[in-house]
Ligand SMILES: CCCCCCCCCCCCCC(=O)SCCNC(=O)CCNC(=O)[C@H](O)C(C)(C)COP(=O)(O)OP(=O)(O)OC[C@H]1O[C@@H](n2cnc3c(N)ncnc32)[C@H](O)[C@@H]1OP(=O)(O)O
């Protein structure tokens, strides 16, 4: 398991221009698929139109499958230090289910994101699924640990749902509370316009393999 994380931490040698080209090519594709996820949920067209749309989708799949990778995206970087986690379930540029576009880092250690959850993230009727808010918090808290120079794996994530989280515009933020040896304690929350909906505390632990590889494995830089 450890080896597979390191095996998927790859310098793929792309130039910055090639990375930008990939970004401009595959980012909009993920956007289109994101729209399709919502349309699959919301369309009211009749069976004939659905059948016709599915023919187009099958044709699109046939084109996209002509040249594809089969495994996870992993972490890719280049010589100028641009790190990409484009498969990440929360903020991966190429991942159509990722709800967050960008996570911001402030000089004071605060990490935050403004994002929208559409009805594809529904749990209780009209509200956000609790697993989705936990997913977002795991990432934001983990990113605060990483941004503060203490990257680690989530050991424990404690989530307190203070009130229902609506769908729509939300804000998430986190910061390091304290560091005890290999353990970094991070606190954060998700809020809507009315205030905090979900609070979390996470313990992020730097495993031995991460510490051993820290010299030749830059674990702290910001991911795009
Ligand atoms: C490659 C680069 C990666 C860069 C990452 C960028 C992040 C980006 C953001 C990503 C965000 C997404 C993030 C994700 O999705 S991470 C994915 C979800 N998390 C996992 O899959 C983690 C799986 N578990 C493990 O890998 C290990 O069990 C870990 C690493 C957690 C500890 O295994 P290790 O063998 O190292 O531990 P140890 O036994 O030597 O104990 C050491 C200390 O820790 C204490 N302890 C142990 N376990 C727990 C626990 N569960 N809660 C609280 N405390 C725990 C223990 O008492 C001891 O404390 P003390 O006695 O010293 O006081």
Quick check on packing: order 51-58, 149-156, 185-192 by the mean number of other C-beta atoms within 10 Å, highest mean leading.
185-192, 149-156, 51-58
I want to verify a result. In a Gaussian network model of the chain, Cα cutoff 10 Å, which of these has the top mean-square fluctuation: 200, 47, 98?
47
Under 10 Å, Cα contacts only: if you run a Gaussian network model on the chain, which one of 166, 207, 99 comes out with the highest mean-square fluctuation?
207
Least to most buried among 79, 143, by other C-beta atoms within 10 Å and fewest first, runs 79, 143
Output the relative contact order of the stretch 99-224, whole-number percent, from Cα pairs under 8 angstrom with separation of 6+ residues.
27
Give the order of 45, 90 when sorted by the count of other beta carbons within 10 angstrom, beginning with the fewest.
45, 90
Expressed as a rounded percentage, what relative contact order does the stretch 1-96 have, with Cα pairs under 8 Å and six or more residues apart?
46
Would you mind getting the Kirkwood hydrodynamic radius of the stretch 1-96 from its Cα pairs, rounded to one decimal in Å?
15.6
Area projected by the alpha carbon convex hull of the chain, averaged over all directions, nm²:
14.4
Ellipticity estimate at 222 nm from DSSP helix runs (n ≥ 4, -39,500 (n - 2.57)) divided over the chain, nearest 500
-11000 deg cm²/dmol
For the chain: relative contact order, % (alpha-carbon pairs under 8 angstrom, 6 or more apart)
18
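Rule-based calculations on the coordinates, nothing more; no lab input. No experiment lies behind these values; they were computed from the predicted model shown. Heads up, the Cβs are rebuilt from the backbone with ideal geometry, glycines too, and the neighbour counts pull from every protein chain shown.
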